[in-house]
Structures are given as C-alpha cells and as structure tokens.
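Asks: If you scroll down you'll find the structure; I have some questions about it.
The values are calculated or read from the model by the stated rules, or taken from the named source; none is laboratory data. Everything numeric in this text was worked out from a predicted model, so none of it was measured. FYI the Cβ positions are ideal-geometry reconstructions off the backbone, even for glycines, and counts take in every protein chain you see. These accessible areas exclude ligands, DNA and RNA; they are computed on the full protein's heavy atoms, side chains included. Shrake-Rupley method; radii C 1.70, N 1.55, O 1.52, S 1.80 Å.
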Amino acid sequence: MTGFVLTIITFVGFQMLLSLGMNVLWGYGGLLNLSYIVYYAFGAYVTGTLMLPKASPPATFYILGLHLPFAPAALIGLAASGVLAALVGWLFLGSRLRPEYFPIVTLVAASAALQFVSQDQSLFNGFAGLIAVPQPFGASLSSTTYAILFLVLVFGVVAVVAGFCEVLRRSGLGRQMRAVREDAL
C-alpha cells in the first residue's frame, strides 16, 4: 500500500511540473499549446529507449536501445524534446499564420504524433509502450527506498522549476510576456 501511495504522489509531482510549464506558456504568454504533452512524452520515450538494451528480433526491439545510464539518457531526452518543440514552433512561425491558429497547428502536431507513435511498432512499441525500462538509480535499492528517493527527486525538481517560474514572472521578460498576452496585436 505504501508503494502505491508514493507512486500516486510522484505522479502528482509530474503533473505539477506539466502545469507549471503550461502556466508559463498560457498564463504568462497567452499561447494555448495543445501539443505540450507530446514534447513531455517524446522526451520520456527517448530517455526510456536510450536506457533500454537493444534486443534481438523475436523479442521486443527498440531502435534507440543503447543501455545508457539515467543522467545522459535524460539529458538527451530533454534535448530531443526541445528540438521537437522548436521544430513545431518553427513550422508555425515560418508559415506566418495569425496567433489564433497556433492552437490548431499544435493540435494537428499532437494528433500526428499520436498516430505515428501508435502505428509504428518498431520505434516505441505502439500503444503497448516501453517494457522493462531500468530504474534510474539502479536495482540495488529496495522498492520503498527507491519510491521515496524518486519522490524526493521529483519534488526537488518541482521546487526548482517553481522558483524559476517565479523569477521569470518578476523579470522583465515575464512582464513582456504578460504584455503580449494582454495585447497581442
């Protein structure tokens, strides 16, 4: 029961991270990005596939299976997520669409990503997802100790991101973002 409660609280921490990021986009900047969760999921999947070993074909096969440790895999996943977000942003900005169309472009990007991931079994195993991703801190910890350590890590990151968001809100850039939100034209 304790592991279940710790897992639920950890998922709450992940949702807090997502809502802090969405608050920067929509709350400060006034941009409704409907593909925001795609970038989060893409980074997580890239991280997971980089941590998995490459399996031989009758077993589940992952193209990115490099068996990397958690830290470099997470950094590469973060960079891959940023590149995907920059690509979608570039497509929108390069097309010179009016700001009202930004939610539509991001919704189409999210729908395309969902169809690609769900239909292509070779990259991310479709709807089944990744199987047997190793624990980020190794298997030497007991399940309760691991859950507590991961919970502390997630809420530590939440605290850092919340502090960064507050600094951003009070900065000149934050004021400019809110000014653009209030008067986009």
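Asks: Heavy atoms only, probe 1.4 Å: what % of the accessible area of the chain goes to carbon and sulfur, would you let me know?
Replies: Numbers: 8450 of 11490 Å².
That fraction is 74 percent.
Asks: With all protein chains present, calculate the accessible area of Arg98 using a 1.4 Å probe and round the result to the nearest 10 Å².
Replies: Arg98 exposes around 140 Å² with every protein chain in place.
Asks: Which of rounded, prolate, oblate describes the chain, given a ≥ b ≥ c as roots of the alpha-carbon gyration tensor eigenvalues and a/c under 1.5 marking rounded, otherwise prolate only if a/b is larger than b/c? Intermediate values should be presented prior to the final figure.
Replies: Values: a/c = 2.46, a/b = 1.37, b/c = 1.80.
Since a/c reaches 1.5 but b/c is at least a/b, the shape of the chain is classed as oblate.
Asks: Per residue, how much accessible surface does the range 88-144 expose to a 1.4 Å probe? Answer in Å², no decimals. Intermediate results must be reported in sequence, preceding the final value.
Replies: Values: 3870 Å² over 57 residues.
Each residue of the range 88-144 exposes 68 Å² on average to a 1.4 Å probe.
Asks: Leaving ligands, DNA and RNA out of it, rank Trp26, Trp90 by accessible area with a 1.4 Å probe, largest first. Can you show the working numbers first?
Replies: Working: Trp26 135, Trp90 165 Å².
Ranked list, largest accessible area first: Trp90, Trp26.
Asks: Here is a further query. In Å and on Cα atoms, what radius of gyration and Dmax does the range 79-185 show?
Replies: Using the Cα atoms of the range 79-185, the pair Rg, Dmax is 19.7, 57 Å.
Asks: Heavy atoms only, 1.4 Å probe, whole protein assembly: order Val108, Val117 by accessible area, highest first.
Replies: Numbers: Val108 95, Val117 45 Å².
Descending order: Val108, Val117.
Asks: Per residue of the range 145-155, what does 6.51 cos²θ - 1.76 cosθ + 1.60 with θ = phi - 60° give for ³J(HN,Hα)? Whole Hz please, x for Gly and Pro, Karplus curve as stated.
Replies: 4, 4, 4, 5, 4, 5, 4, 5, 4, 4, 6
Asks: By how many nm would the segment from Leu93 to Ser118 lengthen if fully extended, with 0.36 nm per residue of separation less the alpha-carbon distance?
Replies: Numbers: separation 25, 0.36 × 25 = 9.00 nm, distance 2.77 nm.
Separation in residues times 0.36 nm, less the Cα-Cα distance, equals 6.2 nm.
Asks: Please compute the modelled spin-label separation between Ala128 and Met22, points set 7 Å along Cα→Cβ, answer in nm with one decimal.
Replies: Each label point lies 7 Å from its Cα, and together they span 3.1 nm.
Asks: What value, in deg cm²/dmol to 500, does the helix sum -39500 (n - 2.57) over DSSP H runs of n ≥ 4 give at 222 nm once divided by the residues of the chain? If you can, show how the numbers build up before the last one.
Replies: Values: 7 runs with 124 residues, N = 185.
It lands at -22500 deg cm²/dmol.
Asks: Considering only protein heavy atoms, what is the solvent-accessible area of Glu166 at a probe of 1.4 Å, reported in Å² to the nearest 10?
Replies: 70 Å²
Asks: With N set to the number of residues, divide the alpha-carbon radius of gyration of the range 132-185 by 2.2 N^0.38 Å and report two decimals.
Replies: Details: Rg = 18.8 Å, N = 54, 2.2 N^0.38 = 10.0 Å.
Normalised by 2.2 N^0.38 Å, the Cα Rg of the range 132-185 equals 1.88.
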